[in-house]
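The values are calculated or read from the model by the stated rules, or taken from the named source; none is laboratory data. The model shown is predicted, which means the values in this text are computed figures rather than measured ones. Every residue, glycine among them, receives a Cβ derived from its backbone with ideal geometry; neighbour counts consider all protein chains shown. These accessible areas exclude ligands, DNA and RNA; they are computed on the full protein's heavy atoms, side chains included. Shrake-Rupley method; radii C 1.70, N 1.55, O 1.52, S 1.80 Å.
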Amino acid sequence: MPHAAAVAERSPAVAGGPTAGSDFAPLLRAVKAQGLLDRRIGWYARTIVINAMALVAVGVGMFVLGASWWVLLLAPVLSVLCARTAFIGHDAGHSQISGNRAVGRALGLVHGNLLLGMSSAWWNDKHNRHHANPNHIEKDPDVAADVLVWTSRQAKVRVGFRRWLTRNQAWLFFPLTLLQGVAMKVYGFQDLRRQDPRERVTEGLLLVAHLVGYVTLLLTAMPLGHALAFAAVHQALFGLHLGLAFAPNHKGMEMPDPNGERWGHLRRQVLTSRNIRGGLVTDWFLGGLNYQIEHHLFPSMPRPNLRRAQPVVRAHCAAVGMSYTEAGFLDSYRQVLRHMYEVGEPLRVE
């Protein structure tokens, strides 16, 4: 079964709308002609090996410095490496690394469940639904009302403590992302109930193996006090890093009207997404998700090809008269926070 979000790459006609196929098909042909959908196995092999070696080096460093509070300096380093690990798992879930489903599944289990304690099955289910209908209030789980809300309609029905959260969500956003890493681990365990028995056993055993291994590593490498402080800093900065990578991609962008016309693939993916301008450092820090438009149009495109695809996609959008949104790194967060502030505005003037 093909990756749900990648179907439109092969069958633009399914995107819907009278001109969906004609708008997207020329772009798809141009991208294929340049080989931008071809696998980059060597690039990913190097990335995976380097990331694994760096994780081992940090683990060794934890034992060397464990008796000293200087060991806490390794916590931010580990949080960055864990974000690299999450990006690899993300790419594996999109079949960017390998077209073989079993290989992609194995890579996702290792980099998600085992190394991070985050369920790859939970993530892929949620993420596929997001890719199929980004920013659709009824179909995209990423804009469902939860701790935060994304529309004034969601805000109006908030009561009690959640109402207070919504009033202040723009100010609370970054502090809340410090909990994101732990929250995603919890969601993975909760999702085990949804999974079929065979998947549940594999996912659950690897999640438990991560938890046991993580606690064992901390308690054998350093005293209890150091271990608690290290875990707190590591998990908080890991959540912040993920929040910085995911937040600017869609928040504050257009949201399709559930009762309006159905958007075609090009419109649905481009108008709901925001790219982040920057160079190779930005590409590395955000794991290629700064090319969110290209990633959503071609989810199985290998990460290193996204930068090369950008001029092609931008030119095509200009040719068909479709806006192509880019923002600077800091400005993107300003736009996100402004949107969140405006959503909560009615609750502050009651």
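The table for this structure:
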{"quantity": "The chain: angle of helix 224-246 to the longest principal axis, Cα-based, in degrees nearest 10", "calculated": "10"}
{"quantity": "With DNA, RNA and ligands ignored, accessible area of residue 217 (1.4 Å probe; Å², nearest 10)", "calculated": "50"}
{"quantity": "Hz values of 3J(HN,Hα) by residue in the stretch 270-275 - Karplus curve (6.51, -1.76, 1.60), Gly and Pro given as x", "calculated": "6, 6, 9, 10, 10, 8"}
{"quantity": "Angle in degrees between helix 20-33 and the longest Cα principal axis of the chain, rounded to the nearest 10", "calculated": "60"}
{"quantity": "Within the accessible area of the chain (1.4 Å probe), percent carbon and sulfur", "calculated": "66"}
{"quantity": "Table column - 3J(HN,Hα) (Hz), the stretch 131-143, Karplus curve with 6.51, -1.76, 1.60, x for Gly and Pro", "calculated": "5, 5, 9, x, 6, 7, 4, 9, 10, 9, x, 6, 10"}
{"quantity": "Within-13-Å neighbourhood charge of residue 276 [Cβ basis; K, R +1; D, E -1]", "calculated": "+1"}
{"quantity": "For the stretch 254-298 versus the stretch 315-350, the gap between their alpha-carbon centres in whole angstrom", "calculated": "12"}
{"quantity": "Computed [θ] at 222 nm, deg cm²/dmol, the chain (DSSP H ≥ 4; -39,500 (n - 2.57); rounded to nearest 500)", "calculated": "-19500 deg cm²/dmol"}
{"quantity": "Per residue, in Å², the accessible surface of the chain once ligands and nucleic acids are set aside, probe 1.4 Å", "calculated": "46"}
{"quantity": "Estimated vicinal HN-Hα couplings, Hz - the stretch 57-66 in sequence order (Karplus 6.51, -1.76, 1.60; Gly, Pro = x)", "calculated": "4, 5, x, 5, x, 5, 6, 5, 9, x"}
{"quantity": "With DNA, RNA and ligands ignored, accessible area of residue 330 (1.4 Å probe; Å², nearest 10)", "calculated": "140"}
{"quantity": "Size descriptor, Kirkwood hydrodynamic radius, that averages inverse alpha-carbon separations across the chain, Å", "calculated": "21.3"}
{"quantity": "Qualifying GluC sites (Glu not before Pro) in the stretch 213-295, DSSP loop, other Cβ atoms within 10 Å at most 15", "calculated": "261"}
{"quantity": "On Cα atoms only, tilt of 74-93 relative to the major axis of the chain in degrees", "calculated": "40"}
{"quantity": "Relative contact order of the chain, pairs being alpha-carbon contacts under 8 Å that are 6 or more residues apart, as %", "calculated": "27"}
{"quantity": "Cleavage-rule hits, trypsin sites (Lys or Arg not before Pro), the stretch 257-311, DSSP coil, Cβ neighbours within 10 Å at most 14", "calculated": "262, 277"}
{"quantity": "Under-5 Å amide H pairs with residue 325, H placed in peptide plane, nonlocal only", "calculated": "275"}
{"quantity": "Sequence-distant lysines (8 or more away, or on other chains) whose Cα lies within less than 18 Å of residue 185", "calculated": "126"}
{"quantity": "Length-normalised contact order for the stretch 91-133 - Cα pairs under 8 Å, 6+ apart - percent", "calculated": "26"}
{"quantity": "Low-density loop cleavage sites - chymotrypsin sites (Phe, Trp or Tyr not before Pro) in the stretch 317-350, where at most 14 other Cβ are within 10 Å (DSSP)", "calculated": "none"}
